[in-house]
Amino acid sequence: MAISSIFGTLALVGFVVFLVGAGLAVVSASQGRPARGGISLSVIGLVVGLIFSVISSGLLIVEPTQVAIVTNTLNGTIEEPRGGGVHIIAPVVQQVSAIYDLRQQEFSMLANPSASDRTADGAVQAQTRDGQQVSLDVTVIYRVVPDQADELYRAWRGDGFREGFVRPVTRSVVRDVVSTYSAEELYAEKRATLSPDIRDALDERYTGANLELMELVVRDIDFSPDFAAAIEQKVIAQQNLERARTDAERAQTEAEGRANAAIASAQGEAQSTEIRARAQAEALRLVSEQIAANPSLIQYEYVQNLSDNVQLILVPSNSPFLFDFESLTQGGTPGFTAPVIPEATPAPPAGS
């Protein structure tokens, strides 16, 4: 565009020179002087103005991020789009009808658009499968396909596709896709699949309109206050139920653990008792064998366990003895005296 402006400026300068030369020629003629100098200046200015004017109008400079639509004024045909660079067109015969920006463009449908977003539209109002009203903030990002810009111009004759296609088609497809979901699905597990589903449905429509859909973003989904409160209560109830189930499972596990511990303890105690009983039985068996083989063993053990200063033992004369007193007295146990206590004399009968 800068080069075209320069040529336009030079053409303007040429025409100014033409006017100045014409003015000088008129003044000179009025004063009776030769007007040749003014006429020559005006001719030069006119030629320069015409040349640079033609060059300026026949030179098309397109930015790298743009595509130009050129139409033939003689037959009304739309020529092949002109991409970035410098192009020569025939003045008057060819004219630039539109220039499209190839960069990504954004169209937002928001409940509360910012003051700086002048292109934003209101949020999309839709109805779910179960009849709930929802409000969606949606942003669609798209761009013009360079090779199909002439078809886009032929369909919309300029930028009319934004209001004539992007806005109504996007809103319609969003409503159609939302109607396949229940409100509870959008509130919970299937919320993440909504944007991909809408994009898939829009992609073919945008391709048919010679546009490329880059991205679709569902920024927010608002439900009615009553529905949101009902869902929140349901979620809380489910959380409480899950917590109660977890507590019950924990209590059951702890009870089973205590029961298993008690069983293991009882089994261990039973095994211990059995082992002790077997050990005691074996010990008694061995003692019995030793006593049978050596009857005096009991006497020996008894005497060994007596205190060192015991000199006298009294035993009843009519009770069975563990000791053979004859062997004890005759055996000459030093310092041992074993007196025998006579049997008790029964008391005389009464009245005798």
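Within region 178-205, how many residues turn out to be closer than 15 Å to S135 by Cβ and either surrounded by fewer than 18 Cβ atoms within 10 Å (Cβ to Cβ) or of a type in the set (D, E) (or both)?
The number of residues fulfilling the criteria is 2.
Please verify whether region 204-222 includes one or more residues that are over 25 Å from the mean Cα position of the chain (by Cα), farther than 19 Å from R171 by Cβ, of a type in the set (D, E, K, R) and assigned by TED's automatic domain parsing to the domain that holds P146.
yes
Could you list, in sequence order, all residues of region 136-171 that are free of Cβ contacts under 8 Å to residues at least 12 places away in the same chain and buried (at least 16 other Cβ atoms within 10 Å of the Cβ)?
W156
Tell me, yes or no, whether region 176-184 has at least one residue that is over 16 Å from E212 (Cα atoms), touching a residue at least 40 places away in the same chain (Cβ under 8 Å) and not assigned by TED's automatic domain parsing to the domain that holds E215.
no
The conditions are (1) under 28 Å from the mean Cα position of the chain (by Cα); (2) closer than 30 Å to D147 by Cα; (3) not in a strand (DSSP E or B), and K234 fails exactly one of them. Which is it?
(2)
Looking at region 147-184, which of its residues are farther than 30 Å from T71 by Cβ, in contact with an Asp or Glu (Cβ under 9 Å, 6 or more places away or on another chain) and assigned to a helix (DSSP H, G or I)?
R171, V177, A183, E184 - these are the residues of region 147-184 that are farther than 30 Å from T71 by Cβ, in contact with an Asp or Glu (Cβ under 9 Å, 6 or more places away or on another chain) and assigned to a helix (DSSP H, G or I).
The values are calculated or read from the model by the stated rules, or taken from the named source; none is laboratory data. Nothing here was measured: the structure is a model prediction, and the numbers come from that model. Cβ coordinates were reconstructed from backbone atoms using ideal geometry, including for glycine residues, and neighbour counts include every protein chain displayed.
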